[in-house]
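What follows is a short report on a single structure.
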């Protein structure tokens, strides 16, 4: 049996540090919002002319007077991702860009994907994304509160909060783009992390009923150990699936799968080192559970 | 838990075969397939254009206020009530009424039978709200009055949008209302929405009005620009003819001038009016005004009584075709703005499908290899279950003709990773139980029973997340939530029926074996 308890203090400090660092990052550095949430235009361009580079494209775009333009390579071959901040959704804005570009570099390119999001839509999408995450956290809180006792609910929600905040902090630190699919990933992380926590909690509850003489401090450790191989195997298979999406699923799914991979790692960690220490801190005992049973 | 009757085994087998059949029909030639249902591919996979249009209702509101002002003026005159200073300011109608008539005028507006301020009994509200301050009456559109305007202009606009999109002839466009002032247009297979966008961006409000020389035209006059934006002309506000009177419009080559023109045919009322106007106005210039700009202003040489005519302008064949199309489909009640556009080219869509399938195969292979190494024969059972699970998942998506998007494929791959969880939970529990219980049947049975709550809780939490995503997400993300949620149900079914049945069959034949799992 692995003694997880030994590291509670250390990991509690690490978790706290991670959360604080993430919040600071989110506050001061902020998130790199994509066109979904900030508005603007995104163009995925494929050049058939091998001489076209990020620099040459950037020079052409600067001449078009489109404000802030961000150009980077996107996957392999000669694919580029062009992000234009200017919120011009007039019907022919994209056509104008195409025209200007073909007069500058010839017709050896094509637009593989165009996304043009107006300021109104982007602020609505951002709002509904935040609401979706908040609602899902609330729903989880409520579900666990019904199925377990409030102490469990609090522990699970703090673990979830940790996963979401740290994942977002990671995105902020590495300046990774936040778009609609990242919100989907965060919600799935919420589901997954919860799933992981619940399995351990389920065992804690079962053991609380079984043993009246074991302190919660040790009981959580026993429960974590008993469910450990399941925790690892499931994390493993989920990660196998996610890593194959990340490596082979194409550029569009990269951010999404990366967020999920981090979520699974943080989620597994937080079930052990946040969700359970909370139970210890709140002095959960057999009485907590028995009260539930007699109700 | 482990015993399955013959009947149940047969039933489960039939269901499984049924879903395998449905799922595989997606890959058959639609011509020779028994089932016509297919999983739809989202715009991000088949390529296409997604346009979100917002109706700019302000002109409609202003028009409404202007019409109401006219009606009000006549109504008050009719009732012999003196009023002064009738005007529109800041989206409200103002007028002054003397003390003695105030009570009477108030009742004109607040009466449920009011002729000038319709009462909506379903909302318990009038079209206009009335505020009286001393002598001044102020009318503003009520909340429901505005909704009424919005929904009616949305109804009209969606009809016109549909006609215009249909005329362009893209395959199976999807045109839907969003809220009460938006219209969603999905155009599968269209990789350059330029033409549709420019067609939808025009209101196509066509009027024929005389060019006047002086400002004291009885109807008023306004200076309008020509389409080339260099010339302008003073045009009467009196409308001789509008787009509503058109029966048909077609692009045409004028043989004499070798110019492309748009020829039109008028309805009876239009033909009559046009005939009258042109016979009295010989020698005058008739301006053809489209969306506030003069297309051309030819001089009338003869009276046109045939009810048909031509619009000339500097048209190319394409622009003449588009104008004819716009005139045929009618004018939009209000301008439309494109507030969101997402276009994916067909080759990117195909690339996404290929990448998705490849990632799926790799993920699936890795998971089944891992499971087999970890659990041997039970790993095999879990893997068979996983495969059947996928057939269920694809089968259900097929039956409901769900839309598969790229995130949707990611959802399927994720399901592969997470679906084995239930079996892992069960197998791990059985392992624990086997430590104290030497009877295999009992150990397996207890394992299944004791792992149940954890499996249920774990899956419900994921389901909650998926449901919230479904309601909050849009387009591709919705596709993800659909596959994720469906995956949970098929997983539970396949684990508790397929895997349990196979485990039961295996265990009952090997019950004497030690360390079975």
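The values are calculated or read from the model by the stated rules, or taken from the named source; none is laboratory data. Note that the coordinates shown come from a computational prediction; the quantities given were computed from them, not determined experimentally. Ideal geometry is used to build each Cβ from the backbone, glycine not excepted, and the neighbour counts take in all protein chains shown.
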The one condition residue B:44 fails out of (1) more than 14 Å from every other protein chain (Cβ to nearest Cβ); (2) under 29 Å from residue B:396 (Cβ atoms) is (1)
Just for strands (runs of 3 or more DSSP E) wholly inside the range B:7-101: which have at least 2 residues that are at pLDDT 90 or above and over 41 Å from the mean Cα position of the chain (by Cα)?
B:92-97
Which of the strands (runs of 3 or more DSSP E) found entirely inside the range B:233-344 contain at least 1 residues meeting this: within 30 Å of residue B:191 (Cβ to Cβ)?
B:246-254, B:259-266, B:286-290, B:336-344
Options B:127, B:122: the member that is more than 20 Å from residue B:71 (Cα to Cα) and assigned by TED's automatic domain parsing to the domain that holds residue B:65:
B:122
Condition check: touching a residue at least 24 places away in the same chain (Cβ under 8 Å) and either in contact with a helix residue (DSSP H, G or I) (Cβ under 8 Å, 6 or more places away or on another chain) or not in a loop (DSSP other than H, G, I, E, B) (or both). Does residue B:147 satisfy that?
yes
Candidates A:98, A:110 - the one that is free of Cβ contacts under 8 Å to residues at least 40 places away in the same chain, facing chain B (nearest Cβ under 10 Å) and either surrounded by 21 or more Cβ atoms within 10 Å (Cβ to Cβ) or over 25 Å from the mean Cα position of the chain (by Cα) (or both)
A:98
Checking the conditions here, which among B:438, B:450 is assigned to a helix (DSSP H, G or I) and more than 42 Å from the chain's Cα centre (by Cα)?
B:450
Residue check, residue A:269 against (1) within 14 Å of chain B (Cβ to nearest Cβ); (2) buried (at least 16 other Cβ atoms within 10 Å of the Cβ), all met but one. Which one?
(1)
All conditions in (1) touching a helix residue (DSSP H, G or I) at 6+ places or on another chain (Cβ under 9 Å); (2) without any contact (Cβ under 8 Å) to a residue 24 or more places away in the chain; (3) under 29 Å from residue B:355 (Cα atoms) are true of residue A:53 except (1)
Assess whether residue B:511 counts as being without any contact (Cβ under 8 Å) to a residue 24 or more places away in the chain and either buried (at least 18 other Cβ atoms within 10 Å of the Cβ) or out of contact with any strand residue (DSSP E or B) (no Cβ under 9 Å at 6 or more places or on another chain) (or both).
no
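Please pick out the residue among A:114, A:121 that is under 16 Å from residue A:179 (Cα atoms), part of a helix (DSSP H, G or I) and in contact with a strand residue (DSSP E or B) (Cβ under 7 Å, 6 or more places away or on another chain).
One residue alone meets the criteria, A:121.
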Can you name the residue in the range A:189-238 that is touching a helix residue (DSSP H, G or I) at 6+ places or on another chain (Cβ under 8 Å) and outside any helix (DSSP H, G or I) and, of all such residues, is nearest to residue B:451 (Cα to Cα)?
A:211
Right, residue B:444: assigned to a helix (DSSP H, G or I), under 15 Å from residue A:227 (Cβ atoms) and out of contact with any strand residue (DSSP E or B) (no Cβ under 9 Å at 6 or more places or on another chain) or not?
no
Confirm whether residue B:414 is within 13 Å of chain A (Cβ to nearest Cβ) and either within 25 Å of residue B:479 (Cα to Cα) or surrounded by 24 or more Cβ atoms within 10 Å (Cβ to Cβ) (or both).
yes
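Just to check your reading of the model, which residue among B:483, B:490 is more than 7 Å from chain A (Cβ to nearest Cβ), modelled with pLDDT of 90 or more, touching a strand residue (DSSP E or B) at 6+ places or on another chain (Cβ under 9 Å) and buried (at least 18 other Cβ atoms within 10 Å of the Cβ)?
Being more than 7 Å from chain A (Cβ to nearest Cβ), modelled with pLDDT of 90 or more, touching a strand residue (DSSP E or B) at 6+ places or on another chain (Cβ under 9 Å) and buried (at least 18 other Cβ atoms within 10 Å of the Cβ) holds for just one of B:483, B:490, which is B:483.
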Over the range B:103-144, the set of residues touching a strand residue (DSSP E or B) at 6+ places or on another chain (Cβ under 6 Å), modelled with pLDDT of 85 or more and more than 17 Å from residue B:92 (Cβ to Cβ) is B:119
Out of B:176, B:139, B:130, which single residue is away from chain A (no Cβ under 14 Å), loosely packed, with under 14 Cβ neighbours inside 10 Å and in a strand (DSSP E or B)?
B:176
Provide a single number: the residues in the range A:241-292 that are assigned to a loop (DSSP other than H, G, I, E, B) and closer than 21 Å to residue B:360 by Cβ.
2
Give the residues of the range A:147-162 that are at pLDDT below 90, within 11 Å of chain B (Cβ to nearest Cβ) and assigned to a helix (DSSP H, G or I), sorted by residue number.
A:147
What is the one condition in (1) within 23 Å of residue B:474 (Cα to Cα); (2) in a loop (DSSP other than H, G, I, E, B) that residue B:197 does not satisfy?
(2)
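Looking at the range A:217-259, which of its residues are in contact with a strand residue (DSSP E or B) (Cβ under 8 Å, 6 or more places away or on another chain) and facing chain B (nearest Cβ under 9 Å)? Outline the logic, then answer.
At the first step, the residues of the range A:217-259 found to be in contact with a strand residue (DSSP E or B) (Cβ under 8 Å, 6 or more places away or on another chain) are A:251, A:255.
Listed by number, the list holds a single entry, A:251.
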Regarding the range A:124-146, can at least one residue be identified that is part of a loop (DSSP other than H, G, I, E, B), surrounded by 18 or more Cβ atoms within 10 Å (Cβ to Cβ), within 12 Å of chain B (Cβ to nearest Cβ) and under 26 Å from the mean Cα position of the chain (by Cα)?
no
Screening B:444, B:470 for residues that are more than 7 Å from chain A (Cβ to nearest Cβ) and within 25 Å of the chain's Cα centre (by Cα) leaves only B:470
Can you confirm whether residue A:86 is more than 12 Å from chain B (Cβ to nearest Cβ), at pLDDT below 90 and not in a strand (DSSP E or B)?
yes
